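Undergrad: Submitted below is the structure of interest, expressed as structure tokens.
Bear in mind that the values in this text are calculations on the coordinates, not laboratory data. Predicted model only: the values in this text are computed from it and were never measured. Don't worry about glycine lacking a Cβ; one is built from the backbone with ideal geometry, like all the others, and counts go over all protein chains shown.
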Amino acid sequence: MKRKVFFLVGLIGLVFIIGALVRFLGNRGPKQGELRVDSQPAATIFLDNKNIGKTPYKDKVEFGEYTIKLVPETTTTALTSWQGKIVVGQNLLTYVNANLSESELTTAIDVVWLEKITSKQSELSVTTNPDGATVLVDDVSRGVTPLSLQDIAPGDHAVSVTSIGFLARSLKIKTTPGYRLIANLKLALSGATTTPEASPAESSAPSGKATPTPKLTPVKTATGSAGQTSDPPRPFVIIKDTPTGFLRVREEPSTSATEAGRVNPGEKYTISDTQSGWYQIKYDGINSGWVSGQYTEKVE
């Protein structure tokens, strides 16, 4: 009987030892996150001075802080390289989007990543170079950079950053409970030859699973009716002044919907449909989209 007891005790002890060894070896394994890099034009990527490939890039890297450098690949125009710091979290996505230009002043960079926090809320932190840029979340002004929001609802959001003398930047993000989404943006001086705005797709959830590849989407400019002597057919809307100097036209009647184009204050558009405080208009004479009633005046 005693032999059986000793055997069982020894067996249990062996199981604990094996379990501890497995956990120890597992902790010694690679701890990785996902890095995605896009640029216009294509560029060679150096991570801590090591060539890891070209844009567009997506791969797993060990978590930690890195120095990243993008060297543009072009033979037609002399463009400036860009170098900066990034953080890759364990099982999290870090996204870099670069519009490289002839000088550092006219180069625009977006670096977005997730950081685990002790709170169960979702948070958003936005910093810019230079500071003092206005931040709009879902078309509502939330303050100036550096900005930290601890009351942002989980889910999809549209973030816009504007500053006088600099090109505006727009991001589509997804906030997650228990994580802080950090967006560090380098603004480009107005008059740059970069793409008007970068629209990276949603950041991944903390699981680190793959997400849709971020895209650069050119924004259609409205050919509005500002200053015309006759009004369009009624009912129509008059675009009001906005904090950004323009009003976004959405593909659907929601602030989280994709931006289809832009209209300017004072322009007038015939209403083709109404839904939940949104008006459907033909913003360029051909394509239809939705504008928020918050920044429009309806004329019956």
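Undergrad: Using the number of other C-beta atoms within 10 angstrom as an exposure proxy, rank S170, S119, S230 with the fewest first.
TA: Lowest count first: S230, S119, S170.
Undergrad: Order 46-55, 177-186, 276-285, 88-97 from most to least packed using the mean count of other Cβ atoms within 10 Å.
TA: 88-97, 177-186, 276-285, 46-55
Undergrad: Can you give me the Cα centroid spacing of region 52-85 and region 137-151 in angstrom?
TA: Here the two parts' Cα centres lie 29 Å apart.
Undergrad: Can you give the convex hull volume of the alpha carbon atoms of region 32-186 per residue, in Å³?
TA: It is 107 Å³ per residue.
Undergrad: Using square roots of five times the C-alpha gyration tensor eigenvalues, list the equivalent-ellipsoid semi-axes of region 220-299 in whole Å, biggest first.
TA: Square roots of five times the eigenvalues give 17, 13, 12 Å.
Undergrad: Still on this structure, please answer the following. For the pairs K54/K116; K120/K174; K116/K174; K31/K69; K69/K172; K268/K298, flag any whose C-alpha to C-alpha distance is greater than 18 Å.
TA: Those over the limit are K54/K116; K31/K69; K69/K172.
Undergrad: Now for a different question. Quick one: order T106, T274 by neighbouring beta-carbon count within 10 Å, fewest to most.
TA: Going from least to most buried by this count: T274, T106.
Undergrad: For S292, S141, what's the fewest-to-most ordering of other Cβ within 10 Å of each Cβ?
TA: The most exposed by this proxy come first: S141, S292.
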